[in-house]
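This report concerns only the one structure given below.
What follows draws every value from the coordinates through simple rules; no lab data is involved. Predicted model, so just to flag it, every value in this text is computed and none were measured. Here Cβ is always computed from backbone atoms with ideal geometry, including for glycine, and neighbour counts include all displayed protein chains.
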Amino acid sequence: MTTLSHDRLERETTAPETVEYPESDGEPIGETDFHISNILYLRQALRRLFRKVDDLYVAANMLFYYEEGNPSACRVPDVFVVRGVAKHDRRTFKLWVEGKVPCLIVEVTSKKSQVEDLWIKRRLYEKLGVTEYLLFDPLGEYLDPMFQAFALEAEQYVPASLGEGGGYRSRVSGVEFRPIGSMLRAIDPESGRPVPDLDEAMDEAEAESQRAEAESQRAEAESQRAEAEARRAQQLEEELRHYRERYGRHDKP
């Protein structure tokens, strides 16, 4: 009978350690309707703008793990953008699996989360190398101005200059973010207009459908008028032909 060594026996009988990475932190998406609306809108708007870019991923309210083997080393950015990774749905985002750090993070902040957002997350994202960090306070509880942007320079965040209307054009995405009322809107680079939210998109689609229907009806009416005129012209031609056949032509000498 062969006797297994103690080390080998221990390796073969001891199950490997499994590290669990939760998929939820148990917290709601946002504190208020204002926060939730901004988070869902930005996710939808950015995904729409980059729908044809295969190596750009947009996520919202997803657990972001940045240290392998340490489930407590995580944060839940409200919205983040990652370049250089595949565009597919994920359960969590693990830095060591993806090999890419988010290039842009947006936090929809509040007075309750100001310490976390303005200091703890800011320092962490700075350390991880997140190129741009945007903060939006939809209720204007503590940020003045209510929208602020930070860009990474020499491994440190510096406040970015805001443009017309208090907006900021992201260097890493090319998208301008502009506060309009209680919403942080993404501006379509092609049209220069805010990307519509779902309700606005439905209204625009309905209006376009109504315009198309009206144009179709106008075209149909024009076609019917043209057909009626053609029939009338043909009828007059027939009447003239019959008249000539019956009475002949009486030309003057």
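Some observations on this one:
- Estimated 222 nm signal from helices in the chain, with DSSP H stretches of n ≥ 4 weighted -39500 (n - 2.57), rounded to 500: -11500 deg cm²/dmol
- Dipole magnitude for segment 19-195: about 520 debye, using +1 per Lys or Arg Cβ and -1 per Asp or Glu Cβ, origin at the Cα centre.
- Using θ = phi - 60° and Karplus 6.51 cos²θ - 1.76 cosθ + 1.60, couplings along segment 117-124 (whole Hz; Gly, Pro as x): 6, 7, 10, 5, 5, 4, 5, 5
- What the Kirkwood sum gives for the chain is a hydrodynamic radius of 23.1 Å, with every pair of different alpha carbons counted.
- Most to least packed among 170-183, 141-154, 87-100, 215-228 [average Cβ atoms within 10 Å]: 170-183, 141-154, 87-100, 215-228
- Angle of helix 33-49 to the longest C-alpha principal axis of the chain, folded into 0 to 90 degrees and rounded to 10: 70°.
- Set of lysines with alpha-carbon distance to residue 121 below 30 Å, sequence-local pairs under 8 removed: 87, 94, 100, 111, 112
- Using alpha-carbon coordinates, inclination of helix 198-247 to the longest axis of the chain, degrees: 20
- Note: relative contact order over the chain, using C-alpha pairs below 8 Å and six or more positions apart, is 12 percent.
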